[in-house]
Amino acid sequence: MAAADKLAIIGSGTMGAGIAQVAAVSGIEVLIVEVDRKAAETGRQRITSGVQRGVDKGKIPAGERDRILARVRFASTLKEAADADFVVEAAPETEDLKQKIFAELDRECRKDVILASNTSSISITRIAAATGRADRIIGMHFFNPVPAMQLVEIIRAQATSDETFAATRDLAVRMGKTAVEVHDFPGFVSNRVLMPMINEATFALMEGVASAEAIDQVMVLGMNHPMGPLALADLIGLDVCLHTMEVLQRGHGDPKYRPCPLMRRMVDAGHLGRKTGHGFFTYPARAPQPSASGAGRHRS
Ligand SMILES: NC(=O)c1ccc[n+]([C@@H]2O[C@H](COP(=O)([O-])OP(=O)(O)OC[C@H]3O[C@@H](n4cnc5c(N)ncnc54)[C@H](O)[C@@H]3O)[C@@H](O)[C@H]2O)c1
């Protein structure tokens, strides 16, 4: 990363705001490009309360608060990212949109600038093909919530250079994260391992092997997982899980990634998990904890 240390982040949603917060706390100047004014405002509030939480917990000196917040600026067009030294894209998970954003960034940004994507499942190699700098395109996959999660999965695409990988790893480390190198195959490592486990837990439920509560208990108490796969699916969103299984199935061309029909049926019914109040478990409105009566009861 060049000495100026200016990071542009595209999108100020769940991930963009979290990445911006962590970068600003690490002393990096951040420009967030957000097309939706309301989302920009929500992102700003999220960053402010995130930094305040750090102060309240004693992790950030109170005197640093305003200096950190002053490092984050907002813009509404990609043109304004022209003087960035490094770009992390965290726009919605749509391949066409990401390719469009990368093509424009490629035109606007200096030739030495690395353009990274926070995509969870789109091929970094296909995103790179929309630019004229494939050696400087890379995946930088942060996890939610960004301030709390230690991992950044760094995805090398077909033409990513060693210099690009090293600079991206250095940025992740500077942000206090642990960088893990992976290669560009569908689902990378995180979703390739996690999602089939969730999918298999859904098959086990569909086939009546055990109740939802029992399946999660086996994985929590027997495998020491912090939460069961079905509760985790509810947290992630069943629509996101289904989409990722489809990406794995299409990308690998292997029937072992077939999405469970029950998962598809629940998505069709709008039972997406915590965000809709119904998934494998039920959730009382505004309190994102499984309800005592609903926990373990399969609702679809
Ligand atoms: N949410 C997660 O748990 C998670 C975890 C890891 C990776 N990801 C990935 O991170 C990316 C972002 O996810 P998210 O959950 O933050 O999404 P989000 O919907 O919360 O935020 C996306 C933001 O991008 C903005 N946007 C849309 N088009 C834009 C454009 N052309 N230029 C600038 N901003 C634009 C939207 O207004 C929105 O505020 C996705 O690729 C997703 O797969 C998400």
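The values are calculated or read from the model by the stated rules, or taken from the named source; none is laboratory data. Bear in mind that the values here come from a model prediction, so they are computed numbers and not experimental data. Neighbour counts run over all protein chains shown; Cβ positions are idealised from the backbone, glycine included.
Farther than 11 Å from I154 by Cβ and surrounded by fewer than 21 Cβ atoms within 10 Å (Cβ to Cβ): is that true of A179 in this structure? Criteria not met by A179.
Can you say whether M149 is out of contact with any strand residue (DSSP E or B) (no Cβ under 6 Å at 6 or more places or on another chain) and assigned by TED's automatic domain parsing to the domain that holds V25, as far as the supplied structure shows? Yes: the conditions hold for M149. On the stretch given as segment 84-120, residues that are more than 13 Å from the ligand (Cβ to nearest atom) and either on the phi > 0 side of the Ramachandran plot or not aliphatic (A, V, I, L, M) (or both) total 8.
When segment 1-40 is filtered for residues that are more than 20 Å from the chain's Cα centre (by Cα) and within 16 Å of the ligand (Cβ to nearest atom), the ones remaining, listed by number, are R37, K38. Looking across segment 30-52, the residues that are free of Cβ contacts under 8 Å to residues at least 24 places away in the same chain and within 19 Å of P145 (Cα to Cα) come down to E41, Q45, T48, S49, Q52. Scanning segment 206-233 for residues that are within 16 Å of the ligand (Cβ to nearest atom), farther than 28 Å from S123 by Cβ and surrounded by 15 or more Cβ atoms within 10 Å (Cβ to Cβ) turns up just one, A231.
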